[in-house]
1. Cβ neighbours within 10 Å, averaged per peptide: list 95-105, 36-46 in order, most packed at the top.
2. Using each residue's phi in region 144-153, evaluate 6.51 cos²θ - 1.76 cosθ + 1.60 at θ = phi - 60° and report the 3J(HN,Hα) Karplus result to the nearest Hz, with x for Gly and Pro.
3. Please work out how many pairs of lysine residues in the chain are eight or more positions apart (or on different chains) and have Cα atoms closer than 29 angstrom.
4. If I build a Gaussian network model for the chain, linking alpha-carbon pairs within less than 10 angstrom, which residue out of Val12, Val67, Val121 has the largest mean-square fluctuation?
5. Of all trypsin sites (Lys or Arg not before Pro) in region 128-221, which ones are in loop regions per DSSP and have a Cβ with at most 16 other Cβ atoms within 10 Å?
6. How big is Rg to Rh over the chain, alpha-carbon atoms, Rh as the Kirkwood inverse-mean-distance radius?
7. What does the charge count near Asn130 come to, summing +1 for each Lys or Arg and -1 for each Asp or Glu among other residues with Cβ under 14 Å from its Cβ?
8. Find how many whole Å separate the alpha carbon centroid of region 153-189 from the alpha carbon centroid of region 89-112.
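Please treat every number below as a calculation from the coordinates, not as lab data. Everything numeric here is computed off the predicted structure, so don't read it as measured data. Counting neighbours? That spans all protein chains shown, and the Cβs are built from the backbone with ideal geometry, glycine included.
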Amino acid sequence: MKTLETQRVEIVKLGRWLHTKGFVAATDGNISARVNGELILATPTCISKGMMEPEDLVLVDLQGHKVEGKREVSSEIQMHALIYRMRPEIRGVVHAHPPTATGFAAAGIALDQALVSEIVVALGSVPLANYGTPGTPELLEALEPFIPGHNAILMANHGAVTYAEDVLHAYMHMETVEHFAKISLVAHVLGRKELLSDENVDKLHVVRQKYLAMQLVQNDE
C-alpha cells in the first residue's frame, strides 16, 4: 500500500505530465487517488496541474466533502466520488480535456468503433455521455450508466474521464483515449475505415479479460 506522501508526489507528477502533453490548459482538469476505503486524495480547484506541490492536494470523503487541506475542493470532485462509490476496485481517476478526444466529444461522436486491436484490449470502447453542466448532478446522471462497464468515457462538449486500479493507469488510459482519437481522425480524413470483424473483436475481448485478470493479480502483490 502506498503511503499518503507517495500518493501526493505521484499525483503532482501526473499533473505535470497532463499539462506538458497539452491535455489540460490553465487550471483545467483534476486527478484523484483512493487513499483507503473512505478517503480520496485530490487536486484542488483553481490551480494549474503543471504547478502543483504535494501540500496543495486535499483529502475528501466519498461524498466529496473536504476532510483536510489548505486549498478548496474542485466542484468536479463529485464525478470522482461517484466513480469510487460505484467501482470499489478503482483507485485512481483522471479528468482532462485532451484536444483531439475532446473534439470528438464536441462533435457528439463516441470513440466506440473497433479500429485498432490495442484499443479494444486496453479500453474495450469509449462511449459518449450526454452533456451535463460540470460540477452539477446533471453530469453525474449522464455518466452513471456508463461507469460500471467502461474505464474511459467522453463527456459531450466537455472532455474525458478515465479511471483504473491505480492513478498511473488512469493517466495511461487518458493517453490511450487521445491516441485513439488521433488515429480515428486520420482514418476519417482518409475517408476509409476498416473495422475489425465481430469475430476478431470477440477474440480481443478474451485477451482483454486475461489482461484485466493479470492487472488484478499484480495489484494484489
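1. The packing order, highest mean first, is 95-105, 36-46.
2. 3, x, 8, 4, x, x, 9, 10, 8, 9
3. Eligible lysine pairs with Cα atoms under 29 Å apart amount to 23.
4. Residue with maximal mean-square fluctuation among Val12, Val67, Val121: Val67.
5. Arg192, Lys193
6. Reported Rg/Rh (Cα atoms, Kirkwood Rh): 0.96.
7. -3
8. 5
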